[in-house]
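The values are calculated or read from the model by the stated rules, or taken from the named source; none is laboratory data. What you see is a predicted model; the values in this text were computed from it and never measured. Neighbour counts run over all protein chains shown; Cβ positions are idealised from the backbone, glycine included.
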Amino acid sequence: MGQGKRHWERIPAADLPDRIPVFPLAGALLLPRSRLPLHVFEPRYIQLVDDVLKTSQRLVGMVQPNPRPGGEDTGEPALHAIGCAGRITQFSETEDGRYLVTLAGLSRFRIRHEIEGFTPYRRCAVDWEDFSVDRAGGETDPGFDRRAFLDLLERYFNARGLSTDWQTLRAAEDELLINALSMILEFAPEDKQALLEAPSLTTRRETLVTLIEYSLLGGDDGDERVQ
């Protein structure tokens, strides 16, 4: 979280592609103006990274599988309608061909439909229009009570036996703090989706507080992120 203040470019929806490759990953959350490290080892997603690195925008859509039944039985899990696109900003390749990549969150999108094709990975036609706030350069949370929030977070960390760099955490900007915690704390995939779909930073913070409070009451044992 110690990334300091950064300038994030404003991007019109018209400058974004209407088709992107997607990486379905349960429990993994990418948010605008946040960074997500990924270890890519499955062959079809290695191919995805290979192909994306050849494009000018280097965009990957992170989206969660949807456990609810529906749609055609293609052998692939259904997808949630809303995901978040990230730009590959760093990558390294291991000797055995795996990738370690970092995605910088750019904007959420809504899936219009999945594209049939010959790639081993999935691709979707997407719409960016509902998420102009993601591309406006940053969000604020005017009602954020930082002291109360950090007190609650300290209780959560103590209850879970977690440690952190509290000095860096306390110095983080509101948006970075809320989004980074939404991404790294262990919540169920459906809770992660709720954090993604929050319409504003304020509602994301309110959702995050609710999830932390619920966990402190013993209502959630966390959910391991898998790749």
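Residue count for the range 68-91 satisfying the condition of being at pLDDT 95 or above and among the small types (Gly, Ala, Ser): 4.
Selection within the range 177-218: residues that are farther than 22 Å from Asp165 by Cβ and small (Gly, Ala, Ser). The member of this set that is farthest from the chain's Cα centre (by Cα) is Gly218.
In the list Thr140, Thr168, Thr164, which residue meets the criterion of being outside the structural domain of Ser34 (by TED's automatic domain parsing), more than 23 Å from Phe187 (Cβ to Cβ) and outside any strand (DSSP E or B)?
On the way: Thr168 fails: more than 23 Å from Phe187 (Cβ to Cβ); Thr164 fails: more than 23 Å from Phe187 (Cβ to Cβ).
Of the residues listed, the single one that is outside the structural domain of Ser34 (by TED's automatic domain parsing), more than 23 Å from Phe187 (Cβ to Cβ) and outside any strand (DSSP E or B) is Thr140.
Here Asp134 passes the criteria (1) exposed (fewer than 14 other Cβ atoms within 10 Å of the Cβ); (2) outside any strand (DSSP E or B) except the one numbered (1).
For Leu31, the criteria (1) touching a Cys at 6+ places or on another chain (Cβ under 9 Å); (2) within 27 Å of Thr202 (Cβ to Cβ); (3) not in a loop (DSSP other than H, G, I, E, B) hold in every case but one, which is (3). Here Leu106 passes the criteria (1) within 19 Å of Leu29 (Cβ to Cβ); (2) touching a Lys or Arg at 6+ places or on another chain (Cβ under 8 Å); (3) not assigned by TED's automatic domain parsing to the domain that holds Leu59 except the one numbered (3). For the range 95-111, filtering for residues that are more than 17 Å from the chain's Cα centre (by Cα) and free of Cβ contacts under 8 Å to residues at least 40 places away in the same chain leaves 2.
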